[in-house]
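Working notes, beginning with the structure itself.
The values are calculated or read from the model by the stated rules, or taken from the named source; none is laboratory data. Values in this document were obtained by computation on a predicted structure and should not be read as measured data. We place every Cβ from the backbone using ideal geometry, glycine too, and count neighbours over all the protein chains shown. Accessible surface areas use protein heavy atoms only, side chains included; no ligands, DNA or RNA. Shrake-Rupley method; radii C 1.70, N 1.55, O 1.52, S 1.80 Å.
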Amino acid sequence: MIPSTVHAPRALRRARLALAAVVLGSAALLAPSGAAAQGAGGDPTLAQTLFEEGRRLMEAKSYAQACPKLAESQRLRPGTGTLLNLALCNEGLGKTATAWGQFKEALFASKKEGNAAREAFAQEHIDALEPRLSKIQLNAENTPGLLVRVNGGDIPAAALGTPIPIDPGAHEVEATASGYTVWSTTVQVGESADLKAIAIPKLLPVAPTSKPAGPEAPPAGGDVGGRSGGRGLQTAGFVIGGAGAAVLGVGAVFGILAAGQASDAEKDEALCPEKLCTPEGRKEINAAETKALVSTIGVGVGVAALAAGAVLVLTSGPSRAEGASAAGARQGSPARVHARIVPLIGPEGGGVGVLGAF
């Protein structure tokens, strides 16, 4: 239960803040804290510049611009005086929980340094802020490996179920765990003594994305290997037939070249006088015979490929497939077309053939 208290009028509180800020501004310059005196590794010149600019903006009540400069000055050159100014700035900005925590930190530092004035000042503001603190309580059901975040910051498991001071405003709460879905919500916390209890449900396991092993479902209409299979065979038939035509053309060209080369060599008196070829003439005849062999193979392969392509195209027609399916249905078993292209190689040439059942 949060105790109630009677607060000073807002104008009086602002006046006290302004007066305290002026006092602390000079105190921070003239009496650095123990942490600053020990020489932290930051840039002292930049830290002092940011502190002075932050103080100037805070006196003008430009808290949103002043607080980041004071925070950076504190990071570069930690000091109790700077920390107290930063706490005052956040209090003026309405960040009551942040300011309360910084006043607490400054209180402990002041006790350690033996600075009674700063200790009393920090305690006074702590006492004034505590009744106004708003809090959030995160109640989570048990999920293995649960991680809760508020505004992106991790909340320790030990803090779950405990009211935690938090600045007024909107806050994002997210709960995650490996292998479980993500849960999130946005909570709006009031300015003064508000308590928001958030119930985080048990997270749901992530649904498996892979398909279970099993036979694939047939397409609509029960046409297995029908239209789609027919189109595939038809495409293969056109491809094989086109390749056969090209190979047949190459074989024909080599045949013409072979015949011309052999004829020219036999008629040339320098190469084959009286049909008796010299070594050079024999080379020409051998070259012609090689071209002839290439022509024979090319023509054989081309003709066979054309025939295979024609068979595949003819057997892939929709009327043939539908008729075969109907006939297979009447006989109690589905009709299927099996075709396989095989190479044929022999001592005198080569080609391809089609093996199958239709």
Restricting to region 54-75, give me the number of residues that are of a type in the set (D, E, K, R) and out of contact with any helix residue (DSSP H, G or I) (no Cβ under 6 Å at 6 or more places or on another chain).
4
Sole residue being of a type in the set (Ser, Thr, Tyr), open to solvent by 40 Å² or more (accessible area, probe 1.4 Å), in a strand (DSSP E or B) and free of Cβ contacts under 8 Å to residues at least 60 places away in the same chain, chosen from Thr185, Thr162:
Thr185
For Leu50, indicate whether it is touching a Lys or Arg at 6+ places or on another chain (Cβ under 7 Å), open to solvent by 10 Å² or more (accessible area, probe 1.4 Å) and at pLDDT 95 or above.
yes
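When you scan region 94-123, how many residues do you find that are of a type in the set (A, V, I, L, M), under 21 Å from Leu195 (Cα atoms) and surrounded by fewer than 17 Cβ atoms within 10 Å (Cβ to Cβ)?
Residues that pass the stated criteria total 0.
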Are any of the residues in region 272-286 open to solvent by 50 Å² or more (accessible area, probe 1.4 Å), over 27 Å from Ala252 (Cα atoms) and modelled with pLDDT of 75 or more?
yes
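Evaluate region 209-229: report whether one residue or more is at pLDDT 95 or above, of a type in the set (S, T, N, Q) and under 35 Å from the mean Cα position of the chain (by Cα).
In the first step, residues of region 209-229 are kept if they are at pLDDT 95 or above; the result is none.
The answer is no, given that none of the residues of region 209-229 is at pLDDT 95 or above, of a type in the set (S, T, N, Q) and under 35 Å from the mean Cα position of the chain (by Cα).
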Total residues in region 136-159, condition farther than 18 Å from Thr186 by Cβ, in contact (Cβ under 8 Å) with a residue 40 or more places away in the chain and surrounded by 13 or more Cβ atoms within 10 Å (Cβ to Cβ)
2
Only one of these conditions is not met by Ile198: (1) at pLDDT below 80; (2) within 30 Å of Leu129 (Cβ to Cβ). Which number is it?
(1)
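From Leu84, Leu107, Leu93, Leu76, grab the single residue that is over 42 Å from the mean Cα position of the chain (by Cα) and closer than 23 Å to Gln48 by Cβ. Please lay out each step first, then the result.
Numbers: Leu107 fails: closer than 23 Å to Gln48 by Cβ; Leu93 fails: over 42 Å from the mean Cα position of the chain (by Cα); Leu76 fails: over 42 Å from the mean Cα position of the chain (by Cα).
Step by step, each of Leu84, Leu107, Leu93, Leu76 is checked, and only Leu84 is over 42 Å from the mean Cα position of the chain (by Cα) and closer than 23 Å to Gln48 by Cβ.
Quickly run through region 165-182 and pick out the residues that are assigned to a strand (DSSP E or B) and under 23 Å from the mean Cα position of the chain (by Cα).
Correct list: Glu172, Val173, Glu174, Ala175, Thr176, Tyr180.
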Could you please let me know if Phe108 is in contact (Cβ under 8 Å) with a residue 24 or more places away in the chain and more than 22 Å from Pro44 (Cβ to Cβ)?
no
Which ones in region 53-93 are open to solvent by 20 Å² or more (accessible area, probe 1.4 Å), part of a helix (DSSP H, G or I) and among the small types (Gly, Ala, Ser)?
Ala64, Ala71, Gly92
Qualifying residue in region 89-100 (condition: without any contact (Cβ under 8 Å) to a residue 40 or more places away in the chain and basic (Lys, Arg))
no
